[in-house]
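**Student:** Questions regarding the structure given below will be posed in turn.
The values are calculated or read from the model by the stated rules, or taken from the named source; none is laboratory data. Being a predicted model, the structure only gives us computed values, none of them experimental. Cβ placement follows ideal geometry from the backbone for every residue including glycine, while neighbour counts extend to all protein chains displayed.
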């Protein structure tokens with residue numbers, strides 16, 4: 001399954017995993033894997049790197065292999081953290097992964113995560129009651145994938 005979630009805070013992966021009973025594998029920008037302790041933590045939890053701004057065939061292959069083996073792969077389809085909280089441009093790689101694997105797609109929207117860990121902050125604030133995560137219904141690749149993802153996330 002491919003899980004596509006908006007990205008407004010560095011705490012989003014923690015919130016997504018806490019909301020789901022299954023283990024989620026995250027695609028994360030490669031720079032995070034070079035950050036000592038954080039890189040080690042990402043590896044322990046099974047995250048895998050992606051080179052942003054370029055077609056990263058290795059990351060696309062890894063995501064596809066994980067999905068085909070029955071894992072849940074979470075990708076932030078904007079490819080970066082939103083400074084404004086608005087949904088940014090959906091990157092085309094997510095459509096490619098979905099079409100290669102013909103997998104089930106679920107979109108989700110997190111609201112309030114930036115109150116826990118605002119953009120640029122290092123320490124979280126206690127604010128879990130402000131956070132909601134809405135999950136859409138599962139669907140399969142069809143039609144204009146990028147537009148469907150945008151509409152699904154914004155509609156949650």
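**Student:** Please go through segment 76-90 and pick out each residue that is free of Cβ contacts under 8 Å to residues at least 60 places away in the same chain, touching a helix residue (DSSP H, G or I) at 6+ places or on another chain (Cβ under 9 Å) and surrounded by fewer than 19 Cβ atoms within 10 Å (Cβ to Cβ).
**Tutor:** Result: 89, single match.
**Student:** I'd like the full set of residues that are surrounded by 17 or more Cβ atoms within 10 Å (Cβ to Cβ) and touching a helix residue (DSSP H, G or I) at 6+ places or on another chain (Cβ under 8 Å), limited to segment 141-156.
**Tutor:** Listed by number, the residues that qualify are 141, 145, 149.
**Student:** Among the residues of segment 123-141, is there at least one that is free of Cβ contacts under 8 Å to residues at least 24 places away in the same chain, more than 15 Å from residue 11 (Cβ to Cβ) and under 17 Å from the mean Cα position of the chain (by Cα)?
**Tutor:** Checking segment 123-141: not a single residue is free of Cβ contacts under 8 Å to residues at least 24 places away in the same chain, more than 15 Å from residue 11 (Cβ to Cβ) and under 17 Å from the mean Cα position of the chain (by Cα).
**Student:** Another question about this same structure. For the subset of segment 95-125 comprising residues that are touching a strand residue (DSSP E or B) at 6+ places or on another chain (Cβ under 9 Å) and more than 22 Å from residue 19 (Cα to Cα), which member is surrounded by the fewest Cβ atoms within 10 Å (Cβ to Cβ)?
**Tutor:** Residue satisfying both the conditions and the ranking: 102.
**Student:** Name the one entry in 115, 109, 61 that is outside any loop (DSSP other than H, G, I, E, B) and either touching a residue at least 60 places away in the same chain (Cβ under 8 Å) or at positive phi (or both).
**Tutor:** Criteria check complete, one pass: 109.
**Student:** Sticking with this one: Among the residues of segment 141-156 satisfying the criterion of being in a helix (DSSP H, G or I) and in contact with a strand residue (DSSP E or B) (Cβ under 8 Å, 6 or more places away or on another chain), which is nearest to residue 57 (Cα to Cα)?
**Tutor:** Among those that are in a helix (DSSP H, G or I) and in contact with a strand residue (DSSP E or B) (Cβ under 8 Å, 6 or more places away or on another chain), it is 149.
**Student:** Taking into account only those residues within segment 119-140 that are in a loop (DSSP other than H, G, I, E, B), at pLDDT 80 or above and in contact with a helix residue (DSSP H, G or I) (Cβ under 8 Å, 6 or more places away or on another chain), which is nearest to residue 95 (Cα to Cα)?
**Tutor:** Among them, the one singled out is 136.
**Student:** Now for a separate question. Being buried (at least 17 other Cβ atoms within 10 Å of the Cβ) and within 23 Å of residue 135 (Cβ to Cβ) is the filter here, so list the residues in segment 51-70 that pass it.
**Tutor:** 63, 64, 66, 67, listed by residue number.
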